[in-house]
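Working notes, structure below.
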Amino acid sequence: GAGLGFSTEVLLARILSVSEYGIYVYVWTWVYVLAVFCTVGFKGSLVRFASQFRMENEWAKLKGVLRLATQSSLATSFVVGGSFLASIYLYSDGQPSGIAEGLAVGMVVLPFLTLNLVRKGALQGLKKVVLADLPYLVIRRVLLAVIAIFIYGIWGQFDATVLLTAIAFTLLT
């Protein structure tokens with residue numbers, strides 16, 4: 001996973017211009033930090049509760065805590081993402097920059113990443129660690145590299161907004 005991540009980042013750094021790669025890194029960092037915040041602590045607590053409820057065969061309780069974690073995290077991500085989008089709109093003065101466009105796409109990605117983090121915590125608690133890490137560390141990175149190469153092959157140079165849209169697609173898988 002680390003090797004794939006490094007290889008993908010090198011590929012993206014070579015394909016994107018310096019400023020577009022900077023926008024991508026800036027936006028993706030914000031989105032990831034906000035996604036961790038939007039899990040409202042459920043990512044870590046699901047590891048504990050899923051493990052405990054699995055050991056006690058309390059499947060109804062596990063279903064309830066998963067539903068609560070999903071709904072709470074999703075609601076928080078919509079509020080945070082919506083607030084960020086409103087801030088972007090208010091402070092861009094009708095002239096969106098590359099960063100503003102990237103952040104707007106990133107806020108659309110935020111709920112998907114948040115749900116992926118919650119799912120990862122639940123799977124780790126159920127002792128499915130490889131299955132928890134596989135989508136993020138391997139599948140998403142390979143798919144992102146393939147999409148980036150495909151887009152670069154068709155259009156040549158592309159920008160961070162297109163890349164962040166591709167990331168949104170990889171999070172849906």
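Laboratory data are not the source of any read-out in this text; all were calculated from the coordinates shown. Here the structure is a predicted model, which means the values were calculated and not measured. For neighbour counting, all protein chains shown are included, and Cβ atoms are generated from backbone atoms with ideal geometry for every residue, glycine included.
Of note:
- Of all residues in the range 1-37, those satisfying the criterion of being of a type outside the set (A, V, I, L, M), in a helix (DSSP H, G or I) and within 18 Å of residue 135 (Cα to Cα) are 3, 5, 6, 7, 8, 9, 28, 32.
- Within the range 2-35, if we keep just the residues that are polar (S, T, N, Q) and within 17 Å of the chain's Cα centre (by Cα), the residue that is surrounded by the most Cβ atoms within 10 Å (Cβ to Cβ) turns out to be 8.
- Qualifying residue in the range 24-47 (condition: more than 24 Å from residue 108 (Cα to Cα) and in contact with a helix residue (DSSP H, G or I) (Cβ under 6 Å, 6 or more places away or on another chain)): yes
- When residue 168 is tested against (1) surrounded by fewer than 20 Cβ atoms within 10 Å (Cβ to Cβ); (2) farther than 18 Å from residue 26 by Cα, only condition (2) is not met.
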